[in-house]
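See structure below.
None of the figures in this text is laboratory data; all of them are computed from the coordinates on show. Given the structure is predicted, the values throughout are model-derived calculations rather than measurements. Backbone-built Cβ (ideal geometry, glycine too); neighbour counts: all protein chains shown.
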Amino acid sequence: MPESATAGTLAELVKDWQPPVVATSRRVDPWPAAAFADLVDAEHPATGDGDPLPPLWHWLLLLPHPRTSEIGDDGHPAEGPFLPPIPGRRRMAAGGRLHRYGDIPFGAVLHSRSSVASVTPKAGRSGEMLFVTVRSELTVGHSTAGTSSSGVVAVEEQDFVYRSEPEGTPRRRTPRPDTGEPEPDAQWRLRLPTDSVLLSRFSALTYNGHRIHHDHPYTTTVEGYPDLVIHGPLMALLALELPRRHAPHDRVSAVEYRLSRPAFLPSPIVATGDRDGDQAAITVAAEGAKPSLTATVRFR
């Protein structure tokens, strides 16, 4: 019997896991911001020194760069500070939260201190899963040494789900979703056509080598998906394009998002949103399908 099918296996495997605190510093450079705006055919944000980085765009900056010899068969690092020690590890992004207390200005240095906030094994109808939440505190300063730093400008939590599927585990098959869902009659709407070039460019921009986004034979035969998978972070960033485009003078103070199902090529993805007072409800879905991402955005 594969280890992933044994009751309590994941809890046992991680009971002594002690992941470290990881500190990262990067200059807030305008190039990645301009590159992402061009990727989604959007207007560039103001990128002069002191102008604020749009929310969640720090994902384009705080990027690990493991050595090629450290990459696993799936294109992700084989090991890492926040990757749990389970065999045949399969990772899925599940959602996250961002609370903003100040701006991340272009020209400054962004500092991050990240750690694992919680590790929760769960068992369901589809087997055992391990939920891992990574918490990051973001500050800004004027040097990579952290001198002249401000207080915390944002706190982010990211939720990931892991399965254990060692060699010999029957591969899961994920069907292509039905596409008969009516589109919401929403105040805000954004439609983005998708293809393998778009996914490859976003993978390059975020230094993401996961093969489910660019290797069709691997994606369909090993991971069991019907086609290349559209990045969850791309959908989260598209959700925040709606307030950036339709409420440009209102500051986003917080966002919470949940990823419930994957979206696949060649479907365009559609973000829709409705604002009610100081918050907005947003969904992102493959065109005609049920939402892949739901988000709540709050304005100050």
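List of remarks:
- Note on the range 80-216: Kirkwood radius taken over Cα pairs, Stokes-Einstein applied at 4 °C and 1.567 mPa s, translational D equal to 69 µm² s⁻¹.
- Relative to its Kirkwood radius, the Cα radius of gyration of the range 173-300 gives an Rg/Rh of 0.99.
- Scaled against 2.2 N^0.38 Å for its residue count N, the alpha carbon radius of gyration of the chain is 1.01.
- Ellipsoid semi-axes in whole angstrom, largest first, where each is sqrt(5λ) of the Cα gyration tensor of the range 1-170: 35, 17, 15
- Exposed GluC sites (Glu not before Pro) absent: longest stretch of the chain, with sites in DSSP loops and at most 15 other Cβ within 10 Å deemed exposed: 168-300
- Rounded to the nearest 500, the helix-only mean residue ellipticity at 222 nm of the chain stands at -4500 deg cm²/dmol, with each DSSP H run of n ≥ 4 adding -39,500 (n - 2.57).
- D by Stokes-Einstein for the range 197-257, Kirkwood Rh over Cα pairs, 25 °C, 0.890 mPa s: 184 µm²/s.
- Cleavage-rule hits, chymotrypsin sites (Phe, Trp or Tyr not before Pro), the range 97-194, DSSP coil, Cβ neighbours within 10 Å at most 15: TYR101
- At least 15 Å along the helix axis (C-alpha) and Kyte average at least -1.0, DSSP helices within the chain: 232-246
- Using a Förster distance of 51 Å, the FRET efficiency for LYS290-ARG67 (Cβ separation, nearest 0.05): 0.80
- Candidates per trypsin sites (Lys or Arg not before Pro) in the range 174-256, loop by DSSP, up to 14 other Cβ within 10 Å: ARG251
- Sparsely packed loop sites in the range 34-116 (the trypsin sites (Lys or Arg not before Pro) outside DSSP H, G, I, E and B with at most 10 other Cβ atoms within 10 Å) comprise ARG67.
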